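The values are calculated or read from the model by the stated rules, or taken from the named source; none is laboratory data. Since this is a predicted model, take the numbers as computed values, not measurements. Cβ sites come from the backbone with ideal geometry, for glycine too, and all protein chains shown count toward neighbours.
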Amino acid sequence: MEFGVIVFPGTWSDADCFHAVTDRLGQRARFLWHKDTDVSGIDCLIVPGGFSYGDYLRAGAIARFSPVMRSVERFARNGGLVIGICNGFQILCEAGLLPGALMRNDHLQFRCQWVSLRVETERTSFTSQCRRGDVLSIPISHGEGSYYADDATLDSLEANGQIVFRYCEEDGEVTPASNPNGSRRAIAGIVSAEGNVLGMMPHPERCCEDLMGGEDGLLILRSIVESHHRASSVDSG
Amino acid sequence: MTISQQTLDQLALTSGEYEAIVERLGREPNPLELGLFGSLWSEHCGYQHSKPLLGMFDARSDRLLVAPGSENAGVVDIGGGLAVVMKVESHNHPSAIEPYEGAATGVGGIVRDIFAMGARPIALLNSLRFGPLSDSRSRYLFQGVVAGISGYGNCIGVPDVGGEVYFSPAYSGNPLVNAMCVGILRHQDLRRATAGAPGNLLMLVGADTGRDGIHGASGLASRAFEDERELRPTVQVGNPFMEKSLIEACLEAAESDAVIGIQDLGAAGLTSASVEAAANAGVGIEIDVARVPRRESGMAPYEVMLSESQERMLIVVERGREDEVQAVFDRWDLRSDIIGKTTADGIARILEDGEPRGEVPVRLLSDPPLYRPPSVESPSLAALRAADLSALPLPQSTPAETLLRLLRSPNIASREWIFRQYDHHVQTNTVIAPGADAALLRIRGTSKGLALSTDGNGRLCYLDPYAGGMIAVGEATRNVSCVGATPIALTDCLNFGSPERPEIYHQLENAIAGMAEASRRLRAPVVSGNVSLYNETRGRGIYPTPVVGALGITEDVRAHATPSFDSEGDVVVLLGRRSLEADAADLAGSEYLDLVHGRVEGQPRIDLDLEIAVQSACRALVSSGIAKSAHDCSDGGIAVALAECAIAGGVGATIDAPPCEGAERRWDAALFGEGQSRIVVTVSPPDLAQLRDICESASVAWLRLGEVFGADLVIGNLLTVPVSRLAAAHRSGLPRALGSLE
């Protein structure tokens, strides 16, 4: 399958995502410049981490207006798989493709560290290789990762099974101490109501080989490939 | 002489220098021309006091691809057609005035030095010094500097993988902020800071030019100051987003042979960038300041030439091919303007709308007078060195309490509070993240790894600059050896007080001599560096603080070690000693002596033969896969080193090596003495015989200390402390000192 990795000025996880998808996953990938609009032939779009356009106003606030985002929105509406990581999650929320917003970390500092993530559902295109309750070890690196939505939205996310990852302790227990940024209900990742758009603050592309500290990120990337192949075989069948 | 002393003071020129300018020029310079001289004849750009000493560094090495000091950074061949570009640079004075922007633009500046050479920046490190955290101003500076490094570094996608920080009253008025950047390139992509032949075009790219930072080089960095508040307007403001785009656009543009040379605009802005490029090529330059895009109206030619606005680069482009280069910058939405050209007459000519405003021969600007001032050691030091440390009373506290106090001390406590604010994973090459002896990065597409460390102990250099200089090199290279890499090059930042005072010049001269000797013996040449003098306020200089950045290479990045104790039963071994010594002389300049006794005394020592042998044995143990952990004994001595290994591994150790004579009486020296050239390693019991063989063939003394075991750190009958307590003390040190214990 072919991944499209979007590059805004200020994006810095583009090369890491490209490397993970091609060298570690053995799939094809191509970069899409923020002024590009042609996403034909792409099976999954990655909106990577970074500081798009500097993020001086608010993370993702400018990026949502870029030409490529029109294509991302169309691609998502047509059911295409989209994964927003870190700044990508912020941009997808700003663009209205995911509910809620990412606010400054509650302690007001940037955080780069490994965290434990509890998989809340395996019934998504991004977690089919995991099991509910699995604990993944994944790095975070952000200053504005505190997930916020109002109670009604949070309740509906819970009810619809849209909460995909929660910050937790190594044993899977969700505690105040395991929440690195003050996210409401310890939310680290959610999917859209249709299930084809995932946003997550942690960086799966940074943990795709043991030499870098772990391979749990591959579970998420492989789930995408598996979902794509399943969908393709259903289509052709 | 018709010039006022006030004008000269503003430019940090002496009346003697002014007379030299008039004599060499054959006339009085106009104010613009004088401004050019003031900047380029400053210590910061011209190295007037340090250049005669830097010749002591022996740069002979097959690995060097450019001569040290001739380019923006040093270039080291690492085989396979690849080279590493590295440099460390200070931003002390701006950070003392405005810590966030001072530190942020320090990062921005050093990163530009690296990609100016065509290298992709792959790592940042920083070496910091502040006054004690009990002082509110020091807390403000420290937190501001860390926030500035975090704010800028995280935005540009270059991992911050290491460094060090120390606190001492010696830095209260004058913090040190040294930033190091490392880049990687293919040999054929190397770009020089040259203007090439006459007729090339000068293209200014990136940010617009404003009034920020004027006199940064001549003023801030080349004089000592009484009141820093006056200087706030001379500190620049960074735009890391533009820097990130500049990195990508410049690296893309550098792939074209239409680009002859690249220079970053740092200290003295357009003046030094253009004059240095012209001097390197032996040509002249002509710049029309009216073509320089401004962010403010009404700027005089003088202000345009000396502005230190950030995120700007000067690109020398082959005439007729400017469109293809400009197309790259257009794509990144960056400005690019042709502001002048290179000429054959060797003159630096400044025009405004075609009208001449100043003309000075390039060779005069790039040839400042050099000084070799008197050098006399401060008379009080001999007595401090001769202090009889064996007469020191033992502390009231127990060995266990003393160890916990050291682990909580801001100079030893965990640096996690700092580095968790820095992105150290981006680019996904970080094999060993901050917190170990050295950072380790894999080089993609090869099996190799790069190890990086910075070190520099001001206290030791104060007591004995020659020994302290050797120790700085010894420790930086030892850290690199601890992860399993062979040190192959060094970069240095020399932070000292005013060289015009004989006792400071003595420190500078002797520290360089010590570093040069150790660098030569360890075969790790100094390939680049920076000199920061006049680090003093109200006549009080800082500790002489040479900061050494070491680069190591390992052929197999998978074979590496960290301090972390691994499995119960592993044997703990000390490399470099045959017994646990209890020599009070080892307390010289130690953290224990300063923290517990409030003294900075004694004679620092290092035996370079032992250092070389210990490092080589450690590398052999790590690369052969025998060593399951390795950790340097430095601040806080062997007790702190063992505690750090236990904390990292989450497992205790029982140290039962027979106590040597005097260990009961001088337990402080045995536990906390900072004798050099010692490394703690662990091996599986069956590998002990092989360790013995490796040590014997390297002629390295070694001692079986005990074994990894249980939940406590037990050192003979001296102390027993649960690892959880050690970890809590270590982790809480910095937050507690900052008054923000979580």
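None of A:ASP16, A:ASP43 is in contact with a Pro (Cβ under 9 Å, 6 or more places away or on another chain) and in contact (Cβ under 8 Å) with a residue 60 or more places away in the chain except A:ASP16.
Sort through B:VAL526, B:VAL548 and tell me the only one that's outside the structural domain of B:ASP632 (by TED's automatic domain parsing) and within 13 Å of B:MET56 (Cβ to Cβ). Exactly one residue qualifies, and that residue is B:VAL526. Could you tell me whether any residue of region B:89-103 is without any contact (Cβ under 8 Å) to a residue 40 or more places away in the chain and among the charged types (D, E, K, R)? No. Within the option set A:SER66, A:SER71, being modelled with pLDDT under 95 and small (Gly, Ala, Ser) holds for one residue only, A:SER66. Residues in region A:19-40 that are more than 9 Å from every other protein chain (Cβ to nearest Cβ), surrounded by 15 or more Cβ atoms within 10 Å (Cβ to Cβ) and either in contact (Cβ under 8 Å) with a residue 60 or more places away in the chain or among the acidic types (Asp, Glu) (or both): A:VAL21, A:ARG24, A:LEU25, A:GLN27, A:ASP36.
Looking at the structure I just gave you, is B:GLU644 acidic (Asp, Glu) and at pLDDT below 95? Spelling it out, it is not the case that B:GLU644 is acidic (Asp, Glu) and at pLDDT below 95.
One residue alone among A:ALA188, A:ALA193 is touching a residue at least 24 places away in the same chain (Cβ under 8 Å), surrounded by fewer than 17 Cβ atoms within 10 Å (Cβ to Cβ) and of a type in the set (A, V, I, L, M), and that residue is A:ALA193.
Does B:VAL85 fit the bill of being in the same structural domain as B:GLY497 (by TED's automatic domain parsing), under 18 Å from B:GLY541 (Cα atoms) and surrounded by 23 or more Cβ atoms within 10 Å (Cβ to Cβ)? So B:VAL85 does not fit the description; no. The residues listed here are B:SER453, B:SER447; of these, the one that is under 28 Å from the mean Cα position of the chain (by Cα), farther than 29 Å from B:VAL640 by Cβ and assigned by TED's automatic domain parsing to the domain that holds B:PRO487 is B:SER447. Here B:ILE338 meets the list (1) in contact with a helix residue (DSSP H, G or I) (Cβ under 7 Å, 6 or more places away or on another chain); (2) surrounded by fewer than 23 Cβ atoms within 10 Å (Cβ to Cβ); (3) farther than 25 Å from B:ARG211 by Cα almost entirely, failing just condition (3).
Quick check: anything in region A:62-82 free of Cβ contacts under 8 Å to residues at least 24 places away in the same chain, over 26 Å from A:ASP171 (Cα atoms) and among the β-branched types (Val, Ile, Thr)? Scanning region A:62-82, I find at least one residue that is free of Cβ contacts under 8 Å to residues at least 24 places away in the same chain, over 26 Å from A:ASP171 (Cα atoms) and among the β-branched types (Val, Ile, Thr), so the answer is yes. Candidates in region B:231-273 are the residues that are polar (S, T, N, Q) and touching a helix residue (DSSP H, G or I) at 6+ places or on another chain (Cβ under 8 Å); of these, the one that is nearest to B:VAL289 (Cα to Cα) is B:THR271. Mind listing whichever residues of region A:83-96 are of a type outside the set (Asp, Glu) and surrounded by fewer than 24 Cβ atoms within 10 Å (Cβ to Cβ)? Residues satisfying the conditions are A:CYS93, A:ALA95, A:GLY96. When restricted to residues that are within 14 Å of chain A (Cβ to nearest Cβ) and crowded, with 17+ Cβ neighbours inside 10 Å, region B:301-334 contains 6.
Within the bounds of region B:604-618, is there any residue that is more than 26 Å from the chain's Cα centre (by Cα), over 30 Å from B:SER567 (Cα atoms), surrounded by fewer than 24 Cβ atoms within 10 Å (Cβ to Cβ) and not β-branched (Val, Ile, Thr)? No, every residue in region B:604-618 fails to be more than 26 Å from the chain's Cα centre (by Cα), over 30 Å from B:SER567 (Cα atoms), surrounded by fewer than 24 Cβ atoms within 10 Å (Cβ to Cβ) and not β-branched (Val, Ile, Thr). I'd like the residue in region B:512-547 that is of a type in the set (A, V, I, L, M) and not in a helix (DSSP H, G or I) and, out of all such residues, is surrounded by the fewest Cβ atoms within 10 Å (Cβ to Cβ). Among them, the one singled out is B:LEU522. The set of residues in region B:139-187 that are part of a helix (DSSP H, G or I), closer than 21 Å to B:ALA73 by Cα and either away from chain A (no Cβ under 14 Å) or of a type in the set (Gly, Ala, Ser) (or both) comprises B:GLY153, B:HIS187. Could you please find all residues in region B:50-100 being of a type in the set (Val, Ile, Thr) and farther than 20 Å from B:ILE114 by Cβ? B:ILE97 - this is the single residue of region B:50-100 that is of a type in the set (Val, Ile, Thr) and farther than 20 Å from B:ILE114 by Cβ. Could you check region A:52-70 and list, in sequence order, the residues that are crowded, with 21+ Cβ neighbours inside 10 Å, farther than 19 Å from A:HIS203 by Cβ and away from chain B (no Cβ under 13 Å)? Scanning region A:52-70 gives A:VAL68, A:MET69.
Take B:GLY469 and tell me if it is modelled with pLDDT under 95 and farther than 18 Å from B:ASP556 by Cβ. Here the answer is no, as B:GLY469 does not meet what is asked.
Looking across region A:49-89, the residues that are within 12 Å of A:ILE6 (Cα to Cα), outside any helix (DSSP H, G or I) and of a type in the set (Gly, Ala, Ser) come down to A:GLY49, A:GLY50, A:SER66, A:GLY84. Does at least one position in region B:246-268 carry a residue that is within 14 Å of chain A (Cβ to nearest Cβ), touching a Leu at 6+ places or on another chain (Cβ under 8 Å) and either surrounded by fewer than 23 Cβ atoms within 10 Å (Cβ to Cβ) or touching a residue at least 12 places away in the same chain (Cβ under 8 Å) (or both)? Yes, that holds for at least one residue. Exactly one residue out of B:ALA382, B:ALA387, B:ALA400, B:ALA344 is exposed (fewer than 14 other Cβ atoms within 10 Å of the Cβ), outside the structural domain of B:ILE149 (by TED's automatic domain parsing) and over 31 Å from the mean Cα position of the chain (by Cα), and it is B:ALA344. The single condition among (1) outside any strand (DSSP E or B); (2) in contact (Cβ under 8 Å) with a residue 40 or more places away in the chain; (3) farther than 21 Å from B:ASN479 by Cβ that B:PRO121 does not satisfy is (1). Condition test on B:LEU705, is it modelled with pLDDT of 95 or more, in contact with a strand residue (DSSP E or B) (Cβ under 8 Å, 6 or more places away or on another chain) and under 21 Å from B:TYR592 (Cα atoms)? So B:LEU705 does not fit the description; no. Criterion applied to B:THR682, B:THR654 was being closer than 25 Å to B:ALA400 by Cβ and either free of Cβ contacts under 8 Å to residues at least 40 places away in the same chain or more than 36 Å from the chain's Cα centre (by Cα) (or both), and the one residue passing it is B:THR654. Taking strands (runs of 3 or more DSSP E) as the structural unit, those lying wholly within region B:427-498 and holding at least 1 residues that are surrounded by fewer than 24 Cβ atoms within 10 Å (Cβ to Cβ) correspond to B:430-432, B:439-442, B:486-495. Among the residues making up region B:406-431, those that are within 10 Å of another protein chain (Cβ to nearest Cβ) and either in contact with a Lys or Arg (Cβ under 6 Å, 6 or more places away or on another chain) or not aromatic (Phe, Trp, Tyr) (or both) are B:GLU416, B:ARG420, B:GLN421, B:ASP423, B:HIS424, B:HIS425, B:VAL426, B:GLN427, B:THR428, B:ASN429, B:THR430, B:VAL431.
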